[in-house]
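Derivation of every value follows stated rules applied to the coordinates shown; laboratory data play no part. Model, not experiment: these values are computed from the prediction. Don't worry about glycine lacking a Cβ; one is built from the backbone with ideal geometry, like all the others, and counts go over all protein chains shown.
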Amino acid sequence: MKSLVWFRNDLRIDDNPALQAACAESEEVHAIYIYSNNQMELHDEASCKIEFMIANIKSLEKSLDELNIPLTIIDSDGMNHDPSIILKLINERTITNVYWNNQFGIDEESRDEELQELLTINDINFSTYDSQVLFPAGTFKTGEGKPYSVFTPFKKRWVENFNLDLLDIEFKYMPKIKTTVSSNIDSFDFFFNKDHSVDMNLWPVGEEEALKNLKKYLDKKIFNYAKDRNDPIIEGTSRLSPYLALGIISPKRCILEALKKNNFELDSGEKGVTKWIDEIVWREFYKNIMSSFPRVSKGKPFQEYTNKIKWRFNEEEYEAWKNGKTGFPLIDAAMRQLKSEGWMHNRLRMVVAMFFTKNMLHDWRLGEAFFMQNLIDGDFSSNNGGWQWSSSTGTDAAPYFRIFNPLTQSKNFDSDGLFIKKYVDELKDVEKKDIHDPSNEIRSMCDYPTQILDLKKSRLRAIDAFNEAKN
């Protein structure tokens with residue numbers, strides 16, 4: 001049997017159910033990756049993420065080559081062309097079976113449905129798998145038979161149904177029959193516009209590096225995760241999100257290795273371990289939301305009344321926010337971290353998003369797109385879920401009157417101003433007592449901007465806008 005594995009955001013050998021099934025069932029296995037600049041631009045994929053993705057595709061190709069599995073990269077104009085591209089390759093190589101791991105998002109799901117219809121018509125066998133979640137989307141329903149839209153009851157059902165057999169992911173690969181087809185990765189033109197300033201050395205390439213980083217984190221830092229995760233200057237988080245977003249490491253591998261540090265207890269024992277696993281379940285929750293409520297894939301808010309919010313727009317404020325020049329040190333430090341690392345601390349993502357949507361009263365969709373255009377770990381469902389949570393338009397969202405004060409957040413989570421000083425060079429010599437809200441005199445001396453808005457007035461403006469939309 002000759003089979004084809006279609007790689008998407010699952011750039012790994014370990015815990016790759018589609019690849020494992022193909023290798024278990026077939027003597028000869030081919031692999032394909034469809035590369036589309038048009039599609040990536042349409043989905044606001046960051047330049048740094050694309051560069052990271054390309055490097056990891058090349059790393060994957062080396063691993064596949066050891067198994068005698070050639071990886072063919074094919075250029076595509078967009079997702080609507082993908083099914084015909086695959087059918088053409090199937091016919092050229094007399095493929096009998098096709099395997100892939102499911103993706104989330106309405107475009108991806110529509111494309112896959114079209115491919116399934118095409119394969120069925122042409123009597124080609126196919127098998128699909130879930131590699132990003134432990135339970136297929138829609139598995140859990142409320143007592144009314146509806147999808148969960150609140151995290152806590154979703155997680156409760158997740159825990160109730162969890163068993164260690166779900167983490168039976170070990171698989172021994174054996175080399176397949178060597179084919180006459182060779183990988184084209186060296187000749188393929190991965191053309192893209194490199195317009196980022198991210199230090200890519202921060203993100204080592206390959207699944208071996210991802211697993212090494214995971215185990216290094218689990219050896220010590222995870223035990224303090226519950227305590228350290230909100231302090232941005234402490235390396236208290238795993239920084240595995242770029243690897244999870246591209247599927248260089250799997251959620252199951254992360255959970256399995258973490259449980260080994262907690263006597264395989266899922267909701268008791270080490271608080272750091274259980275809280276860290278919670279964050280992986282949040283990713284699964286947001287993928288369920290995207291699958292069960294397709295409108296969030298279409299730029300629509302989950303809370304439908306918020307369609308009526310009269311968002312404002314101010315070009316100068318928007319540019320100040322994007323470039324880390326709002327005059328609020330913690331906000332500016334976070335935005336500059338995003339530009340230099342392609343990544344932002346999770347608490348700061350909430351603070352920055354809430355400032356943008358509540359204090360600035362700018363449309364959450366603008367912020368969501370800007371993050372995707374700059375994040376190396378951009379994940380459509382998680383990014384959308386986070387922005388809608390912060391803007392109070394989403395599922396399980398913060399109440400609209402809950403608005404983080406960036407000065408209070410700064411004092412609480414960067415009390416010594418070390419994070420601010422690391423990223424806002426103008427303030428590196430400012431004393432601790434002044435760092436969170438420098439005086440006008442200090443701002444002038446340091447050439448640091450004045451605040452672009454008044455926190456109290458902007459807070460009341462946001463509450464009025466939400467109240468007006470509700471009534």
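In terms of Cα atoms, the Rg and Dmax of the stretch 53-176 work out to 18.2, 50 Å. Cross-link partners for residue 298 among the lysines, with Cα-Cα distance under 17 Å and sequence neighbours closer than 8 places in the same chain left out: 287, 308. Computed over the alpha-carbon pairs of the stretch 132-257, the distance histogram in 10 Å steps reads 9, 25, 32, 23, 11, 1 percent, short to long. Just tell me which aspartates and glutamates come within less than 14 Å, Cα to Cα, of residue 2; anything on the same chain fewer than 8 places away is out. Cross-link targets: 25, 27, 28, 92.
Across the stretch 385-459, C-alpha contacts under 8 Å between residues 6 or more apart give a mean separation that, scaled by the residue count, equals a relative contact order of 18 percent. Most tightly packed first, judged by the mean number of other beta-carbon atoms within 10 Å of their residues, the peptides 120-127, 149-156 read 149-156, 120-127. This model, with +1 at the C-beta of Lys and Arg and -1 at the C-beta of Asp and Glu, gives the chain a dipole about its Cα centre of some 1640 debye. For the peptides 131-143, 407-419, 188-200, residues were scored by their other Cβ atoms within 10 Å and the scores averaged per peptide; the highest-first order is 407-419, 131-143, 188-200. For the stretch 49-97, the extents of the C-alpha atoms along the principal axes are 29, 27, 13 Å, listed from largest to smallest. Arranged from fewest to most other beta-carbon atoms within 10 Å of their beta carbon, 223, 285, 404 become 223, 404, 285.
Lys-Lys pairs in the stretch 78-168 that are eight or more residues apart or on separate chains and whose Cα atoms lie under 23 Å of each other come to 4. In whole Å, how far is the Cα centre of the stretch 442-471 from that of the stretch 330-351? The stretch 442-471 and the stretch 330-351 have Cα centres spaced 19 Å from each other. Entry note, the chain: relative contact order of 18 percent, from Cα contacts under 8 Å with a spacing of 6+ residues.
Remark on residue 72: its backbone amide H falls under 5 Å from those of 31, 32, 33, a criterion applied only to residues 5 or more positions apart or on other chains, H modelled at 1.01 Å from N.
Per residue of the chain, the DSSP helices (runs of n ≥ 4 H) give a summed -39500 (n - 2.57) that works out to -13500 deg cm²/dmol at 222 nm. Taking every Cα-Cα distance in the stretch 152-222 and sorting them into 5 Å bins from zero, the calculated P(r) comes out as 3, 8, 7, 11, 16, 15, 13, 13, 10, 4, 0 percent. Averaging the Cα positions of each part gives two centres, and for the stretch 354-416 and the stretch 163-215 these lie 31 Å apart.
Cross-link partners of residue 216 among lysines, defined as those whose alpha carbon lies under 19 angstrom from its own and excluding same-chain residues fewer than eight positions apart: 227, 252, 260, 261, 271, 275.
Only lysine pairs 8 or more places apart, or on different chains, with alpha-carbon atoms under 15 angstrom apart are counted in the stretch 407-471, and they number 6.
Packing around the peptides 234-246, 292-304, 356-368, taken as the average count of other Cβ atoms within 10 Å per residue, puts them in this order, highest first: 356-368, 234-246, 292-304.
Divided by 2.2 N^0.38 Å, where N counts the residues, the Cα radius of gyration of the stretch 304-470 comes to 1.00.
Distances between every pair of Cα atoms in the stretch 76-134, grouped in 10 Å steps from 0 to the bin holding the largest one, split as 21, 55, 23, 1 percent.
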